[in-house]
1. Name the residues in segment A:112-146 that are facing chain B (nearest Cβ under 7 Å) and not in a helix (DSSP H, G or I), would you?
2. With the checklist (1) within 12 Å of chain A (Cβ to nearest Cβ); (2) more than 26 Å from A:M258 (Cα to Cα); (3) in contact (Cβ under 8 Å) with a residue 40 or more places away in the chain in hand, flag the one item B:E146 doesn't pass.
3. Can you tell me how many residues in segment B:176-190 are touching a Phe, Trp or Tyr at 6+ places or on another chain (Cβ under 9 Å) and either open to solvent by less than 10 Å² (accessible area, probe 1.4 Å) or farther than 27 Å from B:A109 by Cα (or both)?
4. In segment A:79-126, what residues are more than 30 Å from A:M258 (Cα to Cα), buried (at least 21 other Cβ atoms within 10 Å of the Cβ) and β-branched (V, I, T)?
5. Only one of B:L167, B:L147, B:L156 is in a helix (DSSP H, G or I) and open to solvent by less than 60 Å² (accessible area, probe 1.4 Å); which?
6. Pairs, please: C-beta under 8 Å, at least 6 apart or cross-chain, first residue surrounded by fewer than 22 Cβ atoms within 10 Å (Cβ to Cβ) and in segment A:158-172, second assigned to a helix (DSSP H, G or I)?
7. If you take the residues in segment B:1-35 that are open to solvent by less than 80 Å² (accessible area, probe 1.4 Å), among the aromatic types (F, W, Y) and modelled with pLDDT of 85 or more, which one is nearest to the chain's Cα centre (by Cα)?
8. So B:L115 passes all but one of these: (1) assigned to a loop (DSSP other than H, G, I, E, B); (2) aliphatic (A, V, I, L, M); (3) open to solvent by less than 80 Å² (accessible area, probe 1.4 Å). Which condition number does it fail?
Amino acid sequence: MAMKKKEATKVYSLKKEQQRAAAVMMTPLLITLILLFLLPVLLVLIMSFTNWSMTTTTRSYVGFRNFLFVLNDGRFWKAFGNTLFYTGIKLVADTGLALFIAVLLDKKIHFRRFFRIAHFAPVVVPITASSLIWLWFYDPGIGPLNQILSWLGLPSMQWLYSEKTALLSVILFSVWKGLGYNVILFLAGLQSIPESYLEAARIDGASERQVFRKVKLPLLAPVTSFIIMMGIINCFKVFTEVDVMTPNHGPLESTLLMVSYIYDQSFTRGKMGRGAAAAIILFLIIFVFTMLQRRLGRKEVSFD
Amino acid sequence: MSKHLRSRYPFTTLFLFISAALMIFPFAWMLLSAFKTPADVYNYPPKWIPSSFKFTNFAEVFKKIPFIRFYANSIFVSVVQTVLQIWISAMGAFAFAKLDFPLKKKLFAFMQSSLFVPEIVTIIPLFLLAAIAGLVDTYTGLIVAELNCAFTTLLLLSFFQTIPNELIDAAKVDGCGYFRVFLKVILPNSKTAIGTASLFAFLTHWRSYMWPLIITNDVKMRTLPIGLKYLVTETGTEYQVLMAASLMAIVPVLVVYMFMEKEFVQSITLTGLKT
């Protein structure tokens, strides 16, 4: 009886001790979350319903006027369209190429390490520094790309300086920069396929192409869906490269993307209420894709 | 054997060589161009190999912009951010993984939900808050606003969960408090995880663009990604100087990357497949 009571108090004090320790160790994390996430999110919601602006001090409730402004603003839809275009092209080029290169790198070939390093190198260097190199590449007068085109007998292009090609030029840079990331993910996916599955298919007489289509590709599905969904989400967040390469949103605003639009409204024009409303719309778009991605396949962290 | 291997995939190897060359080409161009003279640059057709190898462009970088200051700012800010972020995340992850406390699931969901919100959404109010707090053009402002710990906490949490409870119990029996358990049992047993998370955090902060762009006006407070842009001007950018600056910004990262390739790849596969 006495024994049991002692045990009980021990469990009780252990519980108390755990709670005390948790309180101490969780505090910094909770402070950052409240300060950098909860508070800003509440504020952005409030701001989106006011005429908050950097230039004036009057801040009054305006209802849904900011949202209506944004949804009736041609520039917003231009930015939306540009972002969709960017996302579509980048996703197809990026995912297809990355899968192809990963499959090649998965073979037992020489110089594998070198190939891997070469493809991944653009991922690790700072975006600003590398987009500055491409700025010169794209120079219509003295850039090497037009030189190469002329060697190939092709007409020279205006690259970032023409409405038609500016966004495509940024996409080309983005593919170069981001390809290695997806190659690594695909490669990890391919290497996690048990050799025995592949052997079994080969013993059954499957050609290498059949092994790829019937065994590898289906088993890669989770990685592929992850890459596509994250790709969409990340494309909607693109800002750095368009801002560095085309600081004024390109010719006829052809490189104005969603984030550039929000940034422009909030910080360049100082209309923070409108910027906040546009940011919330962007959030809703990204939220839908995030939910889809989570639904499509992901293990929940469990505490059991 | 090696001959046999090579002959098995000649086209694969050839294709990968071409593709690798295309990926490296911009770096090669940068390296060569950093030594070009203005005459080389404006030559038509473009000159591929510089006519001499002098370091005048590098000297020019230091004359035009406070390059060392930008570099020092970037290193200081990213290192402090990484240390703080990993420390905060590791403690939180330990509490989530190994301690029992009220509201745990709710707090976890709260933390997870912060991952849904893109930077552009919070950056508008964060700027206002920072301005009110007088943090514009300060290191505190640069550092604190980007301590987004949710992701690194999740990453570390999944590692800490794999540490057997017996290890913790043994330390508890020896009379350790939970904080000592964290220091003496958890941290030493998850060096790889801490390393991966730190590398991930450092690269994120090193590349950071939007927040430093907004929160700094003073040239002296700019970080490298923003500072480099001072070399781009509306009227005739001096590309050769730009390349010298880019080279100095890129090479240290590339060198570290080549030595730590495995860790870099790991930080991608682990963080990538976790979210």
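The values are calculated or read from the model by the stated rules, or taken from the named source; none is laboratory data. The model shown is predicted, which means the values in this text are computed figures rather than measured ones. Note that we place each Cβ from the backbone using ideal geometry, even for glycine, and neighbour counts take in every protein chain shown. Ligands, DNA and RNA are stripped out before the accessible areas are found, and what is left, the full protein with its side chains, is counted by its heavy atoms. Shrake-Rupley method; radii C 1.70, N 1.55, O 1.52, S 1.80 Å.
1. Correct list: A:V125, A:P126, A:I142.
2. Of the numbered conditions (1) within 12 Å of chain A (Cβ to nearest Cβ); (2) more than 26 Å from A:M258 (Cα to Cα); (3) in contact (Cβ under 8 Å) with a residue 40 or more places away in the chain, the odd one out for B:E146 is (2).
3. Total meeting the criteria: 4.
4. A:I101, A:I117
5. Every option except B:L156 fails the conditions.
6. Sorted first by the residue in segment A:158-172, then by its partner, the pairs are A:Y161/A:P251; A:S162/A:P251; A:E163/A:P251; A:E163/A:L252; A:T165/A:W159; A:L168/A:I89.
7. The qualifying residue nearest to the chain's Cα centre (by Cα) is B:F27.
8. (1)
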